[in-house]
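Structure record follows, encoded as structure tokens.
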Amino acid sequence: MEIEIATIGGYEEVGRQMTAVRAGDDVVIFDMGLNLSQVLIHDNVETERMHSLDLIDMGAIPDDRVMSDLEGDVKAIVPTHGHLDHIGAISKLAHRYDAPVVATPFTIELVKQQIEGEQKFGVENDLVKMEAGETMSIGDSGTVDLEFVNVTHSIIDAINPVLHTPEGAVVYGLDKRMDHTPVIGDPIDMERFREIGREGNGVLCYIEDCTNANKKGRTPSETVAREHLRDVLYSIEDYDGGIVATTFSSHIARVKSLVEFADDIGRQPVLLGRSMEKYSGTAERLDFVDFPSDLGMFGHRKSVDRTFKRIMNEGKENYLPIVTGHQGEPRAMLTRMARGETPYELDDGDKVVFSARVIPEPTNEGQRYQAEKLLGMQGARVYDDIHVSGHLNQEGHYEMLDALQPQHIIPAHQDMSGYSSYVNLCESEGYKMGRDLHVTRNGNLIQLVD
Ligand SMILES: [Zn+2]
């Protein structure tokens, strides 16, 4: 059976991930993401109203025109998890393919919300839920199967999809860390990866996310970030002024820890900001997390400002607002607070806890710098970097190669300079560039089996 890989997006940047795998006549697409930094750089862009071709020209969504060179029919579109760089282009591209979107329940729910917000295209692809650990048959040959292996990442319900073919398995390994003690959900299923590496024809190809390949050692568990957060919040338990926390809205495990520790230090947590309400509300509705029944979640500006007024009236020392804005996004809640645009008044010595790291990208770095400066001008003091990454460090990469023993490797999720550490790592394991280690660019086809 011919096996071919199309590297469509996310091979020259972090963002707009998209890869297609052809097994004979059947094609499966993994991820359809948005490159948010290409959107942020233009002020006031409303992607909901924009046409795909304009977004492609901006570099915001994958340029999927290479798909016309791939012979075969798309049978499934498979986003691996709910981060925007993996699902953000579905509302712009999926309607071009007569195929269902297949993903885990939390991811499907986020895709559904995104499609509902789309204003340019009518996206009518079926949305099919499949849980981690499950397998479905692809196409009519009866020999190609799609399996979801449970992985741990900075968002719940993440998987690595595996396409089983008669020539071996293609493992799409983007976005995970090896967490054996996650705060929500099951540990990464390394046992299954080891089995896949050893059964049948083994692993034909492994597509891997190189984000942290330059970092030595191991990515800590979410439990480590949770204990770090506990340490910080408990240490300011006796502070009688304002404490504000921010984190990734989609990081439900982290939000859960913040909510619990707020209660521990005698403050009422409240989630503020549109995406805080969206992700936490969705996770709670789907039973991934059990928040206290009186936990307030407010997204609309009016209800947020009403909540801030109540906090000011009843005393800041009674509350822990958990807000959007960890990257200093101009329209997010924390940035509005920093600019003095909300009824919440910051005083000298108030604490702002960033349970996040600045995403190393110039737009974020600039915006975050500005937000922190503005907070500082109001007298607030910052606790920074209370976070662990969602991506594998070097030891995790070694462990994956050992488990899977892939015949071919395709590094992804970086630009050329970001690949170098992973290339060195693979070469130290006996792989060779141009032979079985394929460093590539957006818009290329790699034929693995003729
Ligand atoms: Zn991710």
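Brief remarks follow.
- Zone residues, the range 241-279, relative to E116, backbone N less than 16 Å from point 7 Å out along Cα-to-Cβ: 274-279
- Calculated FRET efficiency, D294 to H180, Cβ-Cβ distance, R0 = 30 Å: about 0.35 to the nearest 0.05.
- At q = 0.12, 0.17, 0.20 Å⁻¹, base-10 log of I(q)/I(0) for the range 222-383 (Debye sum, equal scatterers on each alpha carbon): -0.46, -0.99, -1.43
- Annotation: the range 313-357 has a Kirkwood hydrodynamic radius of 11.4 angstrom, from the mean reciprocal C-alpha pair distance.
- Sorted by Cβ neighbour density within 10 Å, fewest at the top, the residues K278, K129: K129, K278
- Residues listed by number, the range 237-267, amide nitrogen under 14 Å from E317 label point at 7 Å toward C-beta: 237-243, 266-267
- Summing Cβ point charges (Lys, Arg +1; Asp, Glu -1) relative to the Cα centre of the range 222-383 gives a dipole of roughly 720 debye.
- Per residue of the chain, the DSSP helices (runs of n ≥ 4 H) give a summed -39500 (n - 2.57) that works out to -9000 deg cm²/dmol at 222 nm.
- Note that the range 74-160 shows a convex hull volume over its alpha carbon atoms of 84 Å³ per residue.
- Dipole of the chain [Lys/Arg +1, Asp/Glu -1 at C-beta], most positive-end residue of P360, N214, L286: P360
- The charge dipole of the chain, taken about the Cα centre with unit charges on the Cβ atoms of Lys, Arg (+1) and Asp, Glu (-1), comes to about 1260 debye, rounded to the nearest 20.
- Each of S141, S428, S275 was scored by other Cβ atoms within 10 Å of its Cβ. Listed from fewest to most, they are S428, S141, S275.
- Contact order for the range 222-383, expressed relative to its length and based on alpha carbon pairs under 8 Å spaced 6+ residues apart, stands at 28 percent.
- The packing ranking, built from the mean of other Cβ atoms within 10 Å per residue, places the peptides 252-261, 94-103 in the order 252-261, 94-103, highest first.
- Straight-distance crosslink candidates among lysines, where the alpha carbon sits under 29 Å from K309 and sequence neighbours closer than 8 are dropped: K256, K278, K351, K373
- In this calculation the C-beta distance from V224 to D140 is compared with R0 = 60 Å, giving a FRET efficiency of 0.80.
- Note on the range 79-224: Cα convex hull, mean projected area over all directions, 9.8 nm².
- The long axis of helix 301-314 is offset from the longest Cα principal axis of the chain by roughly 40 degrees.
- Taking packing as the residue-averaged number of other Cβ atoms within 10 angstrom, the listed peptides 230-239, 407-416, 301-310, 154-163 run from highest to lowest as 154-163, 407-416, 301-310, 230-239.
- The packing ranking of peptides 50-56, 13-19, highest mean first, is 13-19, 50-56, where packing means the average number of other beta carbon atoms within 10 angstrom of each residue.
- The alpha carbon centroids of the range 119-141 and the range 304-346 are separated by 40 Å.
- Seen from a random direction on average, the alpha-carbon convex hull of the range 319-450 projects onto 11.3 square nanometres.
- For the range 140-184, the dipole from Cβ point charges (+1 on Lys and Arg, -1 on Asp and Glu) about the Cα centre works out to 240 debye, to the nearest 20.
- For the chain: Kirkwood Rh in Å [reciprocal of mean 1/r, alpha carbons]: 22.6 Å
- In the chain, the longest principal axis of the Cα atoms and the axis of helix 105-117 are about 80 degrees apart.
- Hull volume in cubic angstrom per residue (convex hull over the Cα atoms of the range 373-440): 118 Å³
Values quoted throughout were computed directly from the atomic coordinates according to the rules given, and no laboratory measurement underlies them. All values derive from a computational prediction rather than experimental measurement. Glycine gets a Cβ as well: all are built from the backbone with ideal geometry, and neighbour counts include every protein chain shown.
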